[in-house]
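The values are calculated or read from the model by the stated rules, or taken from the named source; none is laboratory data. What you see is a predicted model, and the numbers here were worked out from it, not measured in a lab. Cβ: placed from backbone, ideal geometry, glycine included. Neighbour counts: every protein chain shown.
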């Protein structure tokens, strides 16, 4: 009974958050603090930090799956909660960087350019898709609806892992072009 109540209670919030986050990020991506009179130096130290955050998220995701497969539910819970926290930290740093710095253009030529943009586009699209999936998966675990949690987690995990890993790959591919 409690599991269905919790899901119903959070469904609207999940929908709202899943819509608002990409819209706000898209808007803030185009907002530069200097345009509002704030003399803020570009936070150019952030990209390697938020790329590392993505890397740690990937490690936590894999560790969390290993933990649950070994019957360590509490460790799994801590790993997944930490992965959510790191994803939120990534998002804050990513937006802060882009509000203080111009976007870096990828300078690669030839086939690598197509590889980069394929990875970038799939990373961006799936980073939007994963928001409600993570939230639903998390709420099902909170509500102790483990059958439904496990069912969606099998889909959420590989997509979230792809987003985390490709975040690192995108950074590594574009990092030579940072000014």
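Count of segment 83-118 residues, restricted to those that are touching a helix residue (DSSP H, G or I) at 6+ places or on another chain (Cβ under 6 Å) and more than 30 Å from residue 41 (Cα to Cα), is 0. Residues in segment 62-77 that are within 19 Å of residue 147 (Cα to Cα) and assigned to a helix (DSSP H, G or I): 64, 65, 66, 67, 68, 69, 73, 74, 75, 76, 77.
Considering (1) in contact (Cβ under 8 Å) with a residue 40 or more places away in the chain; (2) over 19 Å from the mean Cα position of the chain (by Cα), the lone condition that residue 83 does not fulfil carries the number (2).
The conditions of being modelled with pLDDT under 95, surrounded by 13 or more Cβ atoms within 10 Å (Cβ to Cβ) and closer than 27 Å to residue 173 by Cβ are met by residue 25.
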